[in-house]
Amino acid sequence: MPLYDYEILDKKGNPTGERFEVFQTMSAKPLKKQPDTGKPCRRAITAPNIAGKWSDIKGKGILSNKNLDRLGFTKYEKKGDGYMERVAGKEGPKSISLDD
């Protein structure tokens with residue numbers, strides 16, 4: 001469920017600088033009054049929060065083959081039944097096979 005930002009409005013409909021947040025479904029109609037005080041409000045336009053410090057997007061970059069290689073880690077990926085091939089790093093065998 002998305003978190004929406006709202007801004008409180010004065011009697012003329014201008015923003016006062018006060019804001020609050022509400023979890024709502026995307027299909028819910030925007031609030032017209034602040035739930036606690038009853039003051040008039042409107043949804044505020046805010047920038048989306050994408051690729052923060054702990055997001056999935058950032059995590060994929062940290063665990064990329066290039067980054068793991070740069071940090072000195074070795075990574076193997078399954079390439080077949082019982083066979084793995086080194087895709088990052090310089091240490092260890094180029095491939096690992098269960099048949100060996």
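The values are calculated or read from the model by the stated rules, or taken from the named source; none is laboratory data. Fair warning: this is a prediction, and the values are worked out from it, not measured in the lab. Heads up, the Cβs are rebuilt from the backbone with ideal geometry, glycines too, and the neighbour counts pull from every protein chain shown.
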### residue 27, sole failed condition from (1) in contact with a strand residue (DSSP E or B) (Cβ under 9 Å, 6 or more places away or on another chain); (2) at pLDDT 90 or above; (3) exposed (fewer than 12 other Cβ atoms within 10 Å of the Cβ)
(1)
### Task
Select from the range 1-24 the residues that are loosely packed, with under 13 Cβ neighbours inside 10 Å and in a loop (DSSP other than H, G, I, E, B) and list them in ascending order.
1, 2, 10, 11, 12, 13, 14
#### Entry: Lone qualifier among 62, 8 - being at pLDDT 95 or above and β-branched (Val, Ile, Thr)
8
